[in-house]
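What follows is one structure encoded as structure tokens, with my remarks underneath.
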Amino acid sequence: MIQTIDYLLNDISTNGSVYDQFTPESYLTAEQLNKLTDYFEDSDRLRTTRLHGVGIVCGLQFTTTTNNQNALDSIKITPGVAITTDGDLLHTDEKTLSSYIPFSNKAVYNRLLTNGGDVVELRERLAAGSPVAETLPGELPLASLTNWSNYKLVMYMEHYKVDPGLCSATSCNDTGNHVHMDQKFLLVHK
């Protein structure tokens with residue numbers, strides 16, 4: 001089951017700035033450990049946005065390549081760094097994105113869907129001689145995307161939890177939730 005993630009600290013104040021301090025031989029609960037982890041993750045996010053701001057720090061320039069029919073062949077992105085409004089640090093090496101799949105929106109971030117158009121997740125095809133990237137079901141070349149000029153490029157950190165259930169292939173002990181932070185390039189309808 002996929003779950004969205006709520007942040008503890010929303011502003012710089014003493015509200016939400018309480019966490020447990022442990023003593024020798026004390027029993028720690030999952031709630032206490034998660035609260036401590038959440039506090040420091042949220043504190044780091046708040047520090048990043050307040051000290052450095054949000055947006056592109058450097059690089060992340062992009063160029064598009066079209067074919068003879070003015071269809072979009074690829075989007076080339078230069079290396080760079082950015083900070084999201086949630087305080088996530090985004091970074092990339094040079095990439096050439098040339099295919100797409102429908103965006104699954106596992107984190108249920110509906111602000112991406114507000115303009116009534118589709119959102120697609122861009123994929124990178126590796127250069128000749130490189131190990132071939134797995135082609136996903138429904139993956140299409142960018143050239144098949146119609147009205148591509150009606151989209152804007154978004155670099156996005158998808159942050160969500162997945163409950164794997166009580167049993168795995170090796171045991172039936174509760175392994176806890178798996179927290180995913182997947183950096184993606186999206187085309188979002190303008």
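Set the Förster radius R0 to 30 Å, insert the Cβ-Cβ distance between Val54 and Gln21 as r into 1/(1 + (r/R0)^6), and round the FRET efficiency to 0.05.
0.40
For Lys190, go through the lysines and keep the ones whose alpha-carbon is under 26 Å away, minus same-chain ones fewer than eight residues off.
Answer for Lys190, where 26 Å is the Cα cut-off: Lys76, Lys95, Lys106, Lys152, listed by chain and number.
Spin-label point model (7 Å from Cα, Cβ direction): what's the Val162 to His189 distance in nm?
With each label point 7 Å from Cα toward Cβ, the separation is 2.8 nm.
Taking 0.36 nm per residue of separation and subtracting the Cα-Cα distance, what length does fully extending Asp182 through Lys76 add? Provide the component values of the computation, followed by the final result.
Values: separation 106, 0.36 × 106 = 38.16 nm, distance 1.97 nm.
Going from the current span to full extension adds 36.2 nm.
Need the full-extension length gain, Phe62 to Lys35, defined as separation in residues times 0.36 nm minus the C-alpha distance. One decimal, nm.
Numbers: separation 27, 0.36 × 27 = 9.72 nm, distance 3.94 nm.
Difference between extended and current length: 5.8 nm.
Only the coordinates and a few stated rules stand behind these numbers; no lab work does. A quick note: this is a predicted structure, and the numbers were derived from the prediction, not measured. Ideal geometry is used to build each Cβ from the backbone, glycine not excepted, and the neighbour counts take in all protein chains shown.
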